[in-house]
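Single-structure report; data block below.
The values are calculated or read from the model by the stated rules, or taken from the named source; none is laboratory data. Not measured: the values here are computed from a predicted model. Glycine gets a Cβ as well: all are built from the backbone with ideal geometry, and neighbour counts include every protein chain shown.
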Amino acid sequence: MKKERIDLPKVEGHHCFACGTENPKGLNLSFYRSGDAICTDVVLDRHYVGWENMAHGGIISTLFDEVMSWTILYLKRLFFVTRKMEVRYMRPVLIGVPLTVKGTITDDSQSPRIMAKAEMLDKEGRILAK
């Protein structure tokens, strides 16, 4: 059974590289809720290449940081900063293909210190990085 998609309101008028509407060089991400996850769909273009036809690892990290931020901000209504993040790159992330980045909360027992995780999936649902 497919989970219902609930689009989240976009914050207008700021320059955030990841989600800002006023940054012409940014990713201009939009987010939606699917079950207990906050997600964004993205197709990275050649401006975000690292090697050959693969996305730069820093862009993947940016996507993870942003989706986890939106996950905590939206689901817990808390503003915070990232304390620590670890990324495991599992498969090449190719430029020009549809990707879904999904964030979920893994531990909120020590609020306001909250743990989250992110995954990047291709259109077949394979995990490319986490």
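One table, with the values for the structure above:
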{"item": "Residue within region 75-86 that is touching a residue at least 12 places away in the same chain (Cβ under 8 Å), under 23 Å from Gly50 (Cα atoms) and surrounded by 11 or more Cβ atoms within 10 Å (Cβ to Cβ) present", "result": "yes"}
{"item": "Elements of type strands (runs of 3 or more DSSP E) in region 1-65, at least 2 residues being over 22 Å from Val93 (Cβ atoms) and hydrophobic (A, V, I, L, M, F, W, C)", "result": "none"}
{"item": "Looking only at region 1-53, and only at residues there that are within 15 Å of Ser69 (Cα to Cα) and basic (Lys, Arg), the one that is farthest from the chain's Cα centre (by Cα)", "result": "Lys10"}
{"item": "Residue under evaluation Leu73, criteria (1) over 23 Å from Asn28 (Cα atoms); (2) hydrophobic (A, V, I, L, M, F, W, C); (3) not in a strand (DSSP E or B), criterion not met", "result": "(1)"}
{"item": "Residue count for region 1-54, restricted to those that are free of Cβ contacts under 8 Å to residues at least 12 places away in the same chain, touching a Phe, Trp or Tyr at 6+ places or on another chain (Cβ under 9 Å) and either surrounded by 15 or more Cβ atoms within 10 Å (Cβ to Cβ) or within 16 Å of Pro98 (Cβ to Cβ) (or both)", "result": "1"}
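Matching residues to (1) at pLDDT below 95; (2) touching an Asp or Glu at 6+ places or on another chain (Cβ under 9 Å):
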{"position": "Ala18", "(1), (2)": "yes, yes"}
{"position": "Lys25", "(1), (2)": "yes, no"}
{"position": "Met54", "(1), (2)": "no, no"}
{"position": "Glu66", "(1), (2)": "no, no"}
{"position": "Met85", "(1), (2)": "no, yes"}
{"position": "Met90", "(1), (2)": "no, no"}
{"position": "Leu121", "(1), (2)": "no, no"}
